[in-house]
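Read the structure below first, then the notes.
The values are calculated or read from the model by the stated rules, or taken from the named source; none is laboratory data. What you see is a predicted model; the values in this text were computed from it and never measured. As a convention, Cβ positions derive from the backbone with ideal geometry for all residues, glycine included, and neighbour counts pool all protein chains shown. The area values use the complete protein model at the heavy-atom level, side chains included, leaving out ligands, DNA and RNA. Shrake-Rupley method; radii C 1.70, N 1.55, O 1.52, S 1.80 Å.
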Amino acid sequence: MKIGVLALQGDFEEHCVCLKNLGIKALEIRLPSQLEDLDGLIIPGGESTTIGKLATDYNLLDPIRALATSAAIWGTCGGLVFLATDVGRNQPTLGLVNMVVERNAFGRQIESFEEDLTITGIPGGPFRGIFIRAPRVKRVGIGVDILCELKDGSIVAVRQGRLIATSFHPELTKDTRVHEYFLNIAAQKVNS
Ligand code: GLN
């Protein structure tokens, strides 16, 4: 299976380490040609405005949109913002996941927090969610399933077909269950 991690900015190295622990050698993606034949692409956390600007400069927006028709894509935190159709302000996004997102919905860096999460499709007990200046999904459109909500009702994980998005950072934990969930979606492409 060929899995890439968008390596423009943010914590892409942590995702690569998680994948390595699962026996996958991830490709660091910086150029459109590197997207060819990918079964899955992870968009890491970081600053969504910076990721959007660099992705525009490197002509990656349309090639990633095209990839979404055949491969699995997962955005974490800033990556969730970058996947959204509506982020309430003018910044470059992929517009792939039909959802309205509120950036920095839980406050500033100092208001970062952790919470035990129950996530649809992730068996084996609670998953420790790490939220760092995290976004929240305010509304989902047609075709988007909610996978996880916080105790206060905030939506923090969604799935639209082969696309998933999480407000939190599984790559900052040693728990690889969400990475495995993503790899399963990517594998369906290989087998279909
Ligand atoms: N606050 C950032 C944004 O909205 C995301 C932060 C993160 O990825 N940890 O782009």
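What tally of residues in the range 118-145 results from selecting those that are open to solvent by less than 50 Å² (accessible area, probe 1.4 Å) and within 16 Å of the ligand (Cβ to nearest atom)? Residues that pass the stated criteria total 6. Taken over the range 146-192, residues that are open to solvent by 70 Å² or more (accessible area, probe 1.4 Å) and more than 18 Å from Leu83 (Cα to Cα) amount to 11. With a requirement of 1 or more residues that are out of contact with any helix residue (DSSP H, G or I) (no Cβ under 7 Å at 6 or more places or on another chain) and at pLDDT 95 or above, the strands (runs of 3 or more DSSP E) lying completely within the range 140-192 that satisfy it span 145-149, 155-160. Once the range 104-117 is narrowed to residues that are open to solvent by 50 Å² or more (accessible area, probe 1.4 Å) and of a type in the set (A, V, I, L, M, F, W, C), the residue that is modelled with the lowest pLDDT is Ile110. Starting from residues that are in a loop (DSSP other than H, G, I, E, B) and within 16 Å of Leu61 (Cβ to Cβ), keep the ones in the range 8-35 and report whichever is nearest to the ligand (Cβ to nearest atom). So, considering only residues that are in a loop (DSSP other than H, G, I, E, B) and within 16 Å of Leu61 (Cβ to Cβ), the one nearest to the ligand (Cβ to nearest atom) is Gln9.
Every condition in (1) out of contact with any Ser or Thr (no Cβ under 6 Å at 6 or more places or on another chain); (2) more than 16 Å from the ligand (Cβ to nearest atom) is met by Leu83 except one, and the failing one is (2). For the range 43-64, a tally of residues being open to solvent by 10 Å² or more (accessible area, probe 1.4 Å), closer than 14 Å to Gly95 by Cα and touching a Leu at 6+ places or on another chain (Cβ under 6 Å) returns 1. The set of residues in the range 107-122 being part of a loop (DSSP other than H, G, I, E, B), free of Cβ contacts under 8 Å to residues at least 40 places away in the same chain and not small (Gly, Ala, Ser) consists of Arg108, Thr118, Thr120.
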